[in-house]
1. Can you name the residue in region 306-322 that is closer than 15 Å to residue 257 by Cβ and not in a strand (DSSP E or B) and is also modelled with the highest pLDDT among such residues?
2. Looking at region 178-208, which of the residues that are in contact (Cβ under 8 Å) with a residue 60 or more places away in the chain and within 17 Å of residue 301 (Cα to Cα) is farthest from the chain's Cα centre (by Cα)?
3. For region 202-235, which positions are touching a strand residue (DSSP E or B) at 6+ places or on another chain (Cβ under 8 Å), surrounded by fewer than 24 Cβ atoms within 10 Å (Cβ to Cβ) and either in the same structural domain as residue 99 (by TED's automatic domain parsing) or over 18 Å from residue 71 (Cα atoms) (or both)?
4. For region 149-172, how many residues meet the condition of being surrounded by 14 or more Cβ atoms within 10 Å (Cβ to Cβ) and more than 21 Å from the chain's Cα centre (by Cα)?
5. So, in region 323-342, exactly how many residues are modelled with pLDDT under 70, over 30 Å from residue 100 (Cβ atoms) and part of a loop (DSSP other than H, G, I, E, B)?
6. Is it true that some residue in region 33-49 is at pLDDT 50 or above, touching a strand residue (DSSP E or B) at 6+ places or on another chain (Cβ under 7 Å), under 21 Å from residue 335 (Cα atoms) and part of a loop (DSSP other than H, G, I, E, B)?
7. In this structure, does residue 114 turn out to be outside any loop (DSSP other than H, G, I, E, B) and over 24 Å from residue 189 (Cα atoms)?
């Protein structure tokens, strides 16, 4: 596994507002992020356009250098962005050339997307017979990538697959179910140590991946953990535990970070940490990557629009005004994860 301490040095380590887009994974982590955006610009505004759109930032799910399915956003145009997004996942496609160095497309070369029909929240994706030409070990990754790419559109909640117009009940090689696919099925699924699967629940966590050129990306991992009534607190505890050993992923928080409580109030969730989260800038701020991972993970698992991060119940961290002072404001989930910057 890469040296965690060395990797963390490469991250941007100063307080920032989290309402802007995430940084471009092709740029070193020292690049500042965009200024805060308005309330109306939150991530939930994404939708499948009714007419041709130029340069719509669309979230695609591809494989990183370690084989994890991860989001990457590029600008696509056309009348059917859902169909275009799947075409962009095909090896050798024109859009595939826009992917970051070290990542690759998940669908076999030569595959054609014959159609994507959307009805009552269900997208039926029809592929050519070349779709079958995948490696068996990639089957779950292909399903993850298709499902999370299509359900990134607000009018798609689940996905059914077809080959040459015929319903694909099970995938050809690993025999995985290919109907009724949703984000509830998880992504990059793993089981926490010592967990009884029959008494478990899934939480999706955002860890960090560092490429060979030292750029940083966020990778979602669904972890099966012991059931809990406080999902928010469970999410934060699992972030503190960090990624599984030998995963090649990086934990955003020090394993000694203290969690003092996580509470939901309407559409806002407040995460209360001890002072040990303030590891940078003379102990006055948390790292940018830590804050963004917390916001991404909490909003992925809980239906909230704002996250407030505090220390000892009173000090807001990571949000600054034009004078460089901390302000008492919650933050929204960014519009896109790992945007291309196009």
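The values are calculated or read from the model by the stated rules, or taken from the named source; none is laboratory data. This one's a predicted model, so the numbers in the text were calculated from it and none came from an experiment. Cβ sites come from the backbone with ideal geometry, for glycine too, and all protein chains shown count toward neighbours.
1. 312
2. Selected residue: 203.
3. 202, 224, 225, 226, 227, 228, 230, 231, 232, 233, 234
4. Of the residues in that region, 7 qualify.
5. 4
6. no
7. The answer is yes for residue 114.
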